[in-house]
Each structure stands twice: as C-alpha cells, then as structure tokens.
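Worksheet: one structure, shown below.
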Amino acid sequence: MLKERTTFKKAVLFALISFFVFFLENTSRAEEIVAVLSSESPYYREALSGFQEAMGRPVSVMLIKGDEYPVIPKESKIVVAIGGKAARQSYPKSMAILRCLTPGFASPAAEGQGIRAQISILPSAELLLAEIKRVQPSLRSLAVLWTSTSMGAYIEQIEKSSLALGLTVLSKKIESPDQLPGHLRSLSGKMGGLWLAPDPSLVNERNFATIRDFAWANQTPFYAPTAGLAEEGAAVAIAVSFKEVGRTAAGATKKILAGETPERLIYPTKVDISVNLSAAKKCKLDVPQGILEKAAKVIP
C-alpha cells in the first residue's frame, strides 16, 4: 500500500511539473511574437485570425485602447503591427517589425534599425494585371486612376509589368479629385478597361459614383481593389482579403524565426475575385465561366 501511494505521489508530481514546464514554455513562445491591434476593428481581427491560423503556435495579442499603448515584453523578438496606430508606435530596434493594413504608410528603416517590413494590401502589379487579363483576355489598354504620391511606385510597377502582357497602360496622376470628370472624358474611346487604385484621396462616395456611372455609360469594364466596391457597382474586384494579409505576415514571421530577412515590401500571392453580374453586363464584360465558378463572391 505504501509503495502504491509513493508511486501515485510521483505520478502527480510529474504531471504538475510537466504542466508548469508546458505552461512556461508556451508563455515564453507566445511573448516571443506579439500582435498589436490598433483597435477592435473586425478587419484587424480578421487579419489576426489569418495570422494565428497560419502560425499554428501561440502568440501574444495586445490591443491599443484609445491613447493607451501596450507595453511590449522585452523578450519579444517579432511585433506584427496591425493598423495605422500600431504601425506608427515606436518599437525597440532589436525587434523585427511587420506592419499590416496600413494603406499609404511608408516605413523606411533608419540605418542601424532591425528588420522592418510591410505587408501590402495589394497583390504584386504582375499578379494584378495577370488576373485582369484572365477576366478580360481581349484587353489591350487599361486606364489606371490614382492621386496619392504613395501610390507612385506601385503605378510604375504596373507600367513595367504591362509590357510582358502586351498591355498599354494609360496612367496619369490626378492632382485633384475635381479633375476626375475631365480626366475620364479624355480617356473615352481609348481604354478597354479601367482600374481604380485603393487611394484614400480618391476613393469616396462621390468619386466612386462618378467612375462607376462613366464606366456603365461608356461600356468600359471597371476593376476595383476591394470586394465592397464590387457590391457598389464595379464590374469585378480583385482583392487581397484581410485574412490573407495575416497569412502573409505569418509567412514572413516564420522566415525571420528561421534566420532569414524578408523583403521590405511583401505582396500576398493569393487574391479573391468578386463579380457583379449586373455591372459586368452594363460594362459589356463577358466574364469567363471558369472565373465565375471559382469567384469568392458573385453578385447578381
């Protein structure tokens, strides 16, 4: 009987030690990677979900509440900053920083800083144009609408990538939204389709309605950067989901943990296509059946 009690106590002690070792190891592992959210926005939460799923391991999650910024544990190695507030927070140079969902935010690393990278909300220019050509194989000329200086480098990539596809890109920076109607009229009859950049200075309710109505009236396929704009009347949206942004951040995180240095600007490699059938009809766009069958969303 005494021997059985001793064996039982040893088993209990072993179980307790194992639990605390597991707890401490996973707590340490969680604090090694910290995700900082700018708010409780469902978009940020969706990106976080994609990040956590792709990581497949514990991560610490911190939330910015108003003007209260969380204190990042000193032992943290990687911070995934989701949203503008989190991206603009100051972090120790020793930590690798991955910034997500920060349109228009440029983060040049100062000399001597650690790893600083940004996950784009757009696919690469090459992938974007390839997807547009899959939707509209006969396309020969594409107008690109943009206005913010921060979009300039991406527009240059579009122009370079278009050459391999035999596309003519009609791109001119719109200095003021007031120039939009006149710019659209100058493109009439010259373009086979038009793409609207996710440009905060350009995308508002009034400008979107102007572009949509022009596309419908001129039977020009209108491509948008978010699924929500397809619901509002763009013929097709080619977009990176918030969850995919998180998955891409997880891929970069794993590279860093493996001792590699990711690119400064990382483009997600998977896009979702949403099709608005009634808008496509008004734009005289016959979307291939194969696209419709694999579309993330088809709007009647």
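Readers should treat all values here as calculations from the given coordinates under stated rules, not as data from a laboratory. None of the values given here were measured: they were computed from a predicted structure. Neighbour counts are summed over all protein chains in view; Cβ atoms, including those assigned to glycine, are modelled from backbone coordinates with ideal geometry.
Run the quick spin-label model on residue 210 and residue 176: label points 7 Å from Cα toward the beta carbon, then report their separation in nm to one decimal.
Going from the residue 210 label point to the residue 176 one covers 1.1 nm.
Count charges around residue 258 for me, please; just the other residues with Cβ under 14 Å from its Cβ, Lys/Arg as +1, Asp/Glu as -1. Write down the numbers at each step before the final one.
Working: positive: 57, 77, 254, 255; negative: 32, 260.
Here the count lands on +2.
Can you show me the helix-derived [θ] at 222 nm for the chain, built from DSSP H runs with n ≥ 4 at -39,500 (n - 2.57) apiece and divided by the number of residues, rounded to the nearest 500.
The helix-only estimate for the chain comes to -13000 deg cm²/dmol at 222 nm.
Would you list, by chain and number, the aspartates and glutamates whose Cα falls below 18 Å from the Cα of residue 255, excluding same-chain residues fewer than 8 positions away?
Result set, ordered by chain and number: 31, 32, 53, 244, 263.
Could you order peptides 272-280, 201-209, 90-98 by the average number of other Cβ atoms within 10 Å of their residues, highest first?
In descending order of packing, they fall as 272-280, 90-98, 201-209.
Report, to the nearest 10°, how far helix 205-217 tilts away from the longest principal axis of the Cα atoms in the chain, using its own Cα long axis and a range of 0 to 90°.
In the chain, helix 205-217 runs at an angle near 50 degrees to the longest axis.
How do the peptides 243-252, 152-161, 65-74, 210-219 rank, highest first, by the average count of neighbouring beta carbon atoms within 10 Å per residue?
Going by the mean number of other Cβ atoms within 10 Å, highest first, we get 243-252, 210-219, 152-161, 65-74.
Structure shown: which of 133/173; 65/93; 190/243; 160/243 lie over 32 Å apart, alpha-carbon to alpha-carbon?
Values: 133/173 23 Å; 65/93 24 Å; 190/243 37 Å; 160/243 29 Å.
Over 32 Å apart, Cα to Cα: 190/243.
Could you check the simple spin-label distance between residue 269 and residue 186, using points 7 Å along Cα→Cβ, in nm with one decimal?
Taking the two extended label points, one gets 4.0 nm.
Out of these labelled values of percent of Cα pairs over 32 Å apart, (i) 50; (ii) 38; (iii) 32, which was calculated from the coordinates shown here?
(ii)
Using a 10 Å cut-off on Cβ atoms, rank the peptides 288-295, 122-129 from the highest mean neighbour count down.
122-129, 288-295
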